[in-house]
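The values are calculated or read from the model by the stated rules, or taken from the named source; none is laboratory data. These numbers were taken from a predicted model, which means no experiment stands behind them. Positions of Cβ are generated from backbone atoms using ideal geometry, with glycine treated the same way; all protein chains shown enter the neighbour counts. The area values use the complete protein model at the heavy-atom level, side chains included, leaving out ligands, DNA and RNA. Shrake-Rupley method; radii C 1.70, N 1.55, O 1.52, S 1.80 Å.
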Amino acid sequence: MGTSEGALLRIQPPGAVHQDESAADNAAGIRTPRRLVGPRLILPGEDCLTIPGLLLDVVKRRSLRVAMRAKHFGIYQDVTWSELLDRVAGIGLGLCALGVKPEERVAIVGDPLAEWLLSDFAAQCIGAISYGLYPTSSRDEAEFVLRHGGASVLIAEDQEHVDKVLPLLDRLPNLKKIVVIDNSSMFGYEHPALMSLDALVEAGRSVPGGKEAFLARCKAVRPDDPATIVYTSGTSAHPKGALYSHRGLVTQGHQFFAFPELETTDEIRSVVHLPLNHLYERMNTPMGMLAKGIVPHFGDEVERFLETLYEVSPQHHASVPRYWSKLASRIIVGIENSSALKRTTYNAAMAVARAYRKRRWEGKTAALLAAAYWLAHLVVFRRMLKKLGLHRVKIALSAGAPLPAEVQALWQVWGVNLKNLFGQTEGGVLTAQAQPFPKPGSVGTPYPGAEIRLGADDEIIGQTPGCFAGYWGDPAASAEVLQADGIHTGDVGEIDPDGQLWIIDRKKDIVITAGGKNVSPSRIETALKASPYISEASVIGEGRKYLTVLVEIDVGTVSEWARANSVAYTSYQSLASNRSVYGLIEHEIAAGNAQLGRVEQVKAFRILDRELDPEVEGEAVTPTRKIKRGLLQKHFGHLIDQMYSDDEERRISRQVS
């Protein structure tokens with residue numbers, strides 16, 4: 001009913017099951033560190049500590065080399081660094097023609113595409129502050145971010161985003177112009193605030209001095225000038241805007257790519273698929289281009305990401321846990337539905353691969369086993385990865401949320417060098433697993449120039465020159481996070497005897513049960529989401545006698561399972577209410593429970609009766625698909641009531657009432 005037998009390796013983090021284990025370690029004389037310091041950080045000179053300064057330096061050194069590739073009409077077209085600068089200058093001069101002054105805000109919204117990137121560079125090069133909106137933002141969320149950031153210009157991908165914002169103009173007094181990148185569907189739109197990107201570039205041709213005037217604006221930017229605002233996803237309240245200086249962005253870019261696998265002069269291809277307004281993707285793409293020479297590839301549609309991945313076959317691929325889990329699930333379900341011969345071959349290869357990778361994680365070698373693994377990889381895993389386009393990956397990264405250790409282990413067993421890193425919108429990048437094929441589960445050691453320590457309550461406190469400068473327009477909130485001793489991350493962590501940092505949970509999310517047990521819901525949810533059939537899991541248990549969980553099924557993998565098992569369905573709702581699907585999820589919950597301590601095990605679950613949609617107003621999920629716990633429990637309170645319908649508290653309550 002569940003995944004292939006033994007498909008996932010179970011990785012147990014040290015001291016994660018019972019809180020008193022660390023105390024037991026201390027009693028046994030095992031000293032665990034409380035502070036970690038990264039290696040020395042080497043940065044370029046002051047002239048290259050701004051986005052425009054670094055861009056001009058890169059263009060000077062790599063003028064005719066490929067900067068990026070974008071797919072148009074089915075063909076990937078090269079853009080050299082010289083051509084990229086000309087296009088950035090054209091947009092920058094257009095913004096100057098609109099009267100955009102230094103430190104004025106320019107907002108951008110849309111799927112990841114080349115023009116998004118060029119517009120971002122252009123705004124920062126003329127001294128303006130750029131910021132992005134999530135493309136899946138609801139109208140209310142878009143209005144809040146546009147008002148809070150005070151953008152005077154919005155650069156929007158297409159009609160869909162124009163339709164979201166145009167009715168709001170009367171409530172957004174600062175917003176004067178909406179520049180449309182793709183105006184092919186804008187027939188009949190007549191509004192003085194609207195103009196096309198081509199018209200913006202044309203307007204820029206009238207700016208006195210032309211490109212020289214643009215270069216003068218570039219050179220006027222200083223390292224400590226504000227560069228961008230990165231908005232948080234807003235799981236518990238309105239998003240906050242983390243302000244980054246040019247120095248902070250460039251510093252973080254040089255930290256981010258401090259991996260031995262990237263110490264090469266060869267072209268390193270990547271695929272852009274995450275929202276470019278997210279700090280993680282800002283590091284992957286624009287800073288990857290400037291600091292490490294990464295060549296990003298933009299597909300024609302973000303919905304065809306898998307096609308782009310296959311076509312590009314990147315050497316560097318960074319994504320979020322949700323994508324890594326979904327891709328792994330896709331492979332697993334495909335294997336389960338393949339012929340008996342293919343399953344037998346795969347299982348034989350997996351037996352060898354597990355044994356080999358386990359020895360490598362333990363720091364051991366075995367020549368005969370290594371040879372057997374090489375053969376298994378050549379015959380089975382390489383062909384499997386080639387179908388996805390991941391067979392050439394030198395380094396793969398995961399960040400943005402906890403990655404199930406079993407998922408990381410599985411990708412490594414298949415031959416993908418997947419690493420965890422830890423960072424925050426406010427703190428930038430703090431730690432990463434530096435060595436190739438690291439033991440799964442931890443988030444590694446501090447980046448160059450970074451330092452982390454554990455506070456009295458085990459909160460992770462970071463210090464790094466690449467952190468934010470404070471929240472835009474919110475000094476009180478800034479003071480809570482940016483304290484004298486460093487960035488207070490709000491995450492609870494643990495450092496193991498090997499000096500590796502492990503994330504336990506968000507400090508505010510720790511659940512205290514009726515029995516007084518402190519439980520990490522994130523750890524439980526991560527274990528459950530290792531299942532290919534579970535898209536989201538949210539644990540309930542604050543003040544309760546036992547833990548329960550709300551589950552959103554992965555409609556893709558569950559529908560494939562349903563077809564393979566002759567289960568009739570028509571929609572998400574029909575799958576969620578099907579007895580056989582309930583049995584499938586029950587099996588997956590049991591498998592997850594088997595990896596957890598007794599007090600962490602969930603005693604009941606319910607499948608959400610509808611799919612979560614971040615574009616719906618007031619939905620219980622953010623644009624980055626992070627769960628808003630309070631809202632989720634409010635929206636699905638009827639399911640929670642069912643799970644606690646017969647408990648002692650409710651029986652007593654009924655008697656009293």
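Just a few scattered comments:
- With the simple spin-label model, which puts each label point 7 Å out from Cα in the Cβ direction, the Met186 to His72 separation comes to 1.7 nm.
- Helix 139-149 axis versus longest C-alpha principal axis of the chain: approximately 60°, rounded to the nearest ten.
- Kirkwood Rh, angstrom, segment 139-293 [1 / mean 1/r, Cα pairs]: 18.3 Å
- DSSP beta bridges in segment 383-457 [antiparallel fraction, %, rounded to 5]: 65 percent
- Accessible surface calculations at 1.4 Å, restricted to protein heavy atoms, place the chain at 42 Å² per residue.
- Annotation: for a label point projected 7 angstrom from Cα along Cα→Cβ of Arg139, residues of segment 145-166 with backbone N closer than 14 Å are 160-166.
- Accessible area of the chain belonging to carbon and sulfur atoms, whole % at 1.4 Å probe: 51 percent
- Against the main long axis of the alpha-carbon atoms of the chain, helix 81-97 sits at an angle near 70°.
- Among Trp502, Ile553, Asn347 - extreme Cα towards positive end, dipole of the chain, charges at beta-carbon: Asn347
- When the helices of the chain are scored as -39500 (n - 2.57) per DSSP H run of n ≥ 4 and the total is divided over every residue, the value at 222 nm lands at -11000 deg cm²/dmol.
- Reach of Lys439 by Cα under 13 Å, taken over aspartates and glutamates that are not fewer than 8 positions away in the same chain: Glu362, Glu406, Asp496, Asp498
- DSSP beta bridges in the chain [antiparallel fraction, %, rounded to 5]: 55 percent
- In this simple spin-label approximation, Glu301 and Leu631 carry label points 7 Å from Cα along the Cα→Cβ vector, and these lie 2.8 nm apart.
- Rounded tilt (10° steps) of 579-593 against the dominant C-alpha axis of the chain: 90 degrees
- Given Lys176/Lys292; Lys176/Lys219; Lys342/Lys386; Lys240/Lys507; Lys240/Lys626; Lys240/Lys517, the pairs whose alpha carbons are separated by over 25 Å: Lys176/Lys292; Lys176/Lys219; Lys240/Lys517
- Between the alpha-carbon centres of segment 554-590 and segment 35-111 there is a gap of 46 Å.
- Extension gain for Ala564 to Leu166 (0.36 nm times residue separation, less C-alpha to C-alpha distance): 138.7 nm.
- Applying the Kirkwood pairwise sum to the alpha-carbon positions of the chain produces a hydrodynamic radius of 26.2 angstrom.
- In this Cβ point-charge picture (+1 for Lys and Arg, -1 for Asp and Glu), the chain has a dipole of about 1780 debye about its Cα centre.
- Once both labels are positioned 7 Å from their Cα atoms along Cα-to-Cβ, the gap between Glu611 and Thr365 label points is 4.9 nm.
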